[in-house]
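S.K.: Structure provided below as structure tokens; questions to follow.
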Amino acid sequence: MVDLFAGPGGLDVAARWLGVAAVGIEWDANACATRRAAGIRTKHADVRDFGPKDFPAATILTGGPPCQTYTVAGSGAGRRALDRVLAFVKKMAAGESIGLHELDDERTGLVLEPLRWALEAHALQRPYEAIVLEQVPAVLPVWAGIAEALEGIGYKASYGVLHTEEYGVPQTRRRAILIARRDEKPELPAPTHRRFRRGVERLAGDPDLLPWETMGGALKRSGGFTVISNYGTGGDPKLRGRRTSVEPAATVTGKVSRNRLVSSDGAELDRFTLSEAGRLQTFPADYPWSGKDVSQQIGNAIPPLLAAHVLAAALLRDVEQAALRAFVDQNWFSVKDSVVIS
């Protein structure tokens, strides 16, 4: 598996759990420092400087391009350029050249890199067995366009927005996912847990699904607590979001270390450690976060537990939630390359 824009290793951790050999390409030195400390194969480079010919053994292509220009918190360049990006997708599928210099922010065009890799692999007559892409929900129209382009070279694709708490992640976060295969159409992974809805009891809902996971259960802190978001609404700190320890965390961002924690009686508690922030993303507790801007690394990563469900679906394999949960709860350096998919 070759993982583009690999970050600190969310998809690569999932691949290790599932017994899939992986190498990641990542340009950020800090994320690469974490990956090296974790013993994950890494090419410290720009994805744009390489292609499938440089990784001939890879049969799976994955990628989570930078999302800053597409997010609500970002500059919005990606959203404004959406029509242009979709036009580029059609041109690339037709074999025409594109002018990424026309975009206001060069990061916006990075979302097209996985398609370039897939088209080049097809031209080399070494198409990937499976392709997995993930991004913020705002990128879903681009995934739809790429799915159409992939179908033009023999793939069958599914795409949609998944809620992380529905896959056992103790956090509410939405990700736009695309899965494609050549032999048969893959399906997005079915939820294993109930969706979080404020005011709805954790044990209420579909009895065939597990209750959503809580922050308290994931972190095992003694006593209850409330997390007060670092984000204000209109500059009013009284409107900042709050989640209790019996709820999932709100979306973990690069500012997670700024969140305040208070006890049930209002006393200030220690803020999340980097290990705890990683746990809310379902990284193992001893994952060796390294380099600078670790909070940003954590916030940028895809939760490994969600990634494992998506990757297993791309491989047409069944995966047991209990087996994956065991890997989440196990120390990283004691994890063996045991396959938990069948």
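The values are calculated or read from the model by the stated rules, or taken from the named source; none is laboratory data. All figures in this text were calculated on a predicted structure; none of them were measured in a lab. FYI the Cβ positions are ideal-geometry reconstructions off the backbone, even for glycines, and counts take in every protein chain you see.
S.K.: So, in segment 131-179, how many residues would count as being surrounded by fewer than 21 Cβ atoms within 10 Å (Cβ to Cβ), β-branched (Val, Ile, Thr) and farther than 28 Å from Leu280 by Cα?
M.R.: Residues flagged as surrounded by fewer than 21 Cβ atoms within 10 Å (Cβ to Cβ), β-branched (Val, Ile, Thr) and farther than 28 Å from Leu280 by Cα within segment 131-179 amount to 1.
S.K.: Just for segment 82-105: of the residues that are under 23 Å from the mean Cα position of the chain (by Cα) and within 13 Å of Pro141 (Cα to Cα), which one is modelled with the highest pLDDT?
M.R.: Step one: filter segment 82-105 for residues under 23 Å from the mean Cα position of the chain (by Cα), giving 82, 85-86, 89, 105.
Still in the list and also within 13 Å of Pro141 (Cα to Cα): 82, 85-86, 89.
Details: Leu82: 80, Val85: 85, Leu86: 89, Val89: 93.
Going through the qualifying residues, I end up with Val89.
S.K.: How many residues are outside any loop (DSSP other than H, G, I, E, B), without any contact (Cβ under 8 Å) to a residue 60 or more places away in the chain and farther than 19 Å from Val139 by Cα if we restrict to segment 164-192?
M.R.: Residues that pass the stated criteria total 1.
S.K.: Scanning for something in a loop (DSSP other than H, G, I, E, B), touching a Cys at 6+ places or on another chain (Cβ under 6 Å) and under 25 Å from Gly64 (Cβ atoms), does segment 139-156 turn up at least one residue?
M.R.: Applying the first criterion (in a loop (DSSP other than H, G, I, E, B)) to segment 139-156 yields 152-155.
Going one step further and asking which of them are touching a Cys at 6+ places or on another chain (Cβ under 6 Å), we end up with none.
No, every residue in segment 139-156 fails to be in a loop (DSSP other than H, G, I, E, B), touching a Cys at 6+ places or on another chain (Cβ under 6 Å) and under 25 Å from Gly64 (Cβ atoms).
S.K.: At pLDDT below 90 and either in contact with a helix residue (DSSP H, G or I) (Cβ under 6 Å, 6 or more places away or on another chain) or outside the structural domain of Ser158 (by TED's automatic domain parsing) (or both): is that true of Ile146 in this structure? So that I can check it myself, show each step before the final result.
M.R.: Working: at pLDDT below 90: no; either in contact with a helix residue (DSSP H, G or I) (Cβ under 6 Å, 6 or more places away or on another chain) or outside the structural domain of Ser158 (by TED's automatic domain parsing) (or both): yes.
Criteria not met by Ile146.
S.K.: To continue, here is another question. Sort through Ala301, Ala313, Ala267 and tell me the only one that's in contact with a strand residue (DSSP E or B) (Cβ under 9 Å, 6 or more places away or on another chain) and of a type in the set (Gly, Ala, Ser). Please lay out each step first, then the result.
M.R.: On the way: Ala301 fails: in contact with a strand residue (DSSP E or B) (Cβ under 9 Å, 6 or more places away or on another chain); Ala267 fails: in contact with a strand residue (DSSP E or B) (Cβ under 9 Å, 6 or more places away or on another chain).
On inspection, the qualifying residue turns out to be Ala313.
S.K.: Still on this structure: Residues in segment 261-278: is at least one surrounded by 19 or more Cβ atoms within 10 Å (Cβ to Cβ) and within 18 Å of Gly64 (Cβ to Cβ)?
M.R.: Within segment 261-278 (the criterion being surrounded by 19 or more Cβ atoms within 10 Å (Cβ to Cβ) and within 18 Å of Gly64 (Cβ to Cβ)), the answer is yes, since at least one residue qualifies.
To keep it simple, each residue is scored yes or no on (1) touching a residue at least 24 places away in the same chain (Cβ under 8 Å); (2) within 20 Å of Ser334 (Cβ to Cβ).
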site	(1), (2)
Val262	yes, no
Gly266	no, no
Thr282	yes, yes
Pro288	yes, yes
Asp293	yes, no
Gly299	yes, no
Pro304	yes, yes
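S.K.: Report yes if some residue within segment 10-23 is farther than 15 Å from Gln281 by Cβ, among the basic types (Lys, Arg) and in contact with a strand residue (DSSP E or B) (Cβ under 9 Å, 6 or more places away or on another chain); otherwise report no. Reasoning before the result, please.
M.R.: At the first step, the residues of segment 10-23 found to be farther than 15 Å from Gln281 by Cβ are 15-16, 18-23.
From what is left, the residues that are among the basic types (Lys, Arg) are 16.
Remaining after also requiring in contact with a strand residue (DSSP E or B) (Cβ under 9 Å, 6 or more places away or on another chain): none.
Within segment 10-23, none of the residues are farther than 15 Å from Gln281 by Cβ, among the basic types (Lys, Arg) and in contact with a strand residue (DSSP E or B) (Cβ under 9 Å, 6 or more places away or on another chain).
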